[in-house]
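The values are calculated or read from the model by the stated rules, or taken from the named source; none is laboratory data. Everything quoted here is computed from the prediction, not taken from an experiment. Every residue, glycine as well, gets a Cβ built from its backbone with ideal geometry; the counts of neighbours run over all protein chains shown.
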Amino acid sequence: MLNRPRIIIDLDHVVYDFVLTFAEWLSQNRALGSLNVPSAMRKYTSWGFHDNWGMSKGEWMRWWRLGIEADYIYRQGELIPGARDAVWRLNDAEWHVILATNRLNVFGMHDKIVESSVAWLRDKNIPYRELLFTTDKKKVLADAIVDDVHANMDELVHGREFLFPSNHNSDHYVGSFEKREAWEGIVNDLV
Ligand SMILES: [Mg+2]
């Protein structure tokens with residue numbers, strides 16, 4: 001019987017570019033104010049990126065819900081650079097890939113969120129053996145984890161922790177090149 005090592009891979013900001021997709025959604029709806037998509041991406045520095053974009057939390061939440069309903073958020077949107085190759089390399093090296101996300105946090109939208117998520121993963125050809133919608137990754141045993149939020153990780157539960165770089169967890173703008181390199185470094189460490 002195979003006893004593959006288990007790796008938890010977060011979706012948002014690690015495989016799926018949530019902020020870029022949100023910026024594109026707002027831009028299409030002329031809701032980004034004076035910003036365009038590239039300037040919005042450079043301006044975002046915190047988890048509450050609506051503040052960076054001069055948008056109230058309520059207004060942001062309204063656009064979030066509308067984007068999910070319109071089959072845009074979680075259904076459309078870009079991969080994080082390097083993510084697909086990285087997940088395939090881990091999968092091919094016999095890592096048991098567990099995609100884990102806390103996306104079921106918009107009331108009344110759970111069916112849409114699940115449908116859009118699995119359809120997007122299929123479109124983007126991301127391999128996985130488990131897909132978890134969970135509010136607490138610290139209750140899921142693994143040998144490694146990749147996440148953009150340090151609070152989601154615990155080395156006693158997850159073995160090796162890899163904090164994936166994003167504007168909101170570093171002191172500078174994290175561009176495509178740096179993200180691609182980050183994924184490459186993680187895989188080179190594990191394969
Ligand atoms: Mg995340």
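Some observations on this one:
- Close pairs from the stretch 127-153: first on the phi < 0 side of the Ramachandran plot, partner part of a loop (DSSP other than H, G, I, E, B) and buried (at least 19 other Cβ atoms within 10 Å of the Cβ), Cβ under 6 Å, at least 6 apart: Ile145/Met153; Val146/Val14; Val146/Phe164; Asp147/Met153; Asp148/His13; Asp148/Val14; Asp148/Phe164; Asp148/Ser166
- Hits in the stretch 79-116 - residues which are over 17 Å from Leu190 (Cα atoms) and part of a loop (DSSP other than H, G, I, E, B): Ile80, Pro81, Asn102, Arg103, Leu104, Asn105, Val106, Phe107, Gly108, Met109
- For the stretch 117-159, a tally of residues being assigned to a helix (DSSP H, G or I) and away from the ligand (no atom under 16 Å from the Cβ) returns 8.
- Qualifying residue in the stretch 39-52 (condition: closer than 24 Å to Arg122 by Cβ and either within 16 Å of the ligand (Cβ to nearest atom) or not assigned by TED's automatic domain parsing to the domain that holds Val149 (or both)): no
- Residue pairs whose Cβ atoms lie under 7 Å apart, separated by 6 or more positions or on different chains, with the first residue in the stretch 51-71 and in contact (Cβ under 8 Å) with a residue 24 or more places away in the chain and the second surrounded by fewer than 16 Cβ atoms within 10 Å (Cβ to Cβ) and among the hydroxyl-bearing types (Ser, Thr, Tyr), do not occur.
- Filtering the stretch 164-191 to residues that are more than 16 Å from Val87 (Cα to Cα) and not in a loop (DSSP other than H, G, I, E, B) leaves Asn167, His168, Asn169, Ser176, Phe177, Glu178.
- Residue ID - modelled with the lowest pLDDT, chosen from residues in the stretch 97-137 that are crowded, with 16+ Cβ neighbours inside 10 Å and over 18 Å from Val15 (Cβ atoms): Val106
- Filtered residues of the stretch 1-24 (kept if surrounded by fewer than 22 Cβ atoms within 10 Å (Cβ to Cβ) and more than 16 Å from the ligand (Cβ to nearest atom)): Met1, Leu2, Asn3, Arg4, Pro5, Arg6, Glu24
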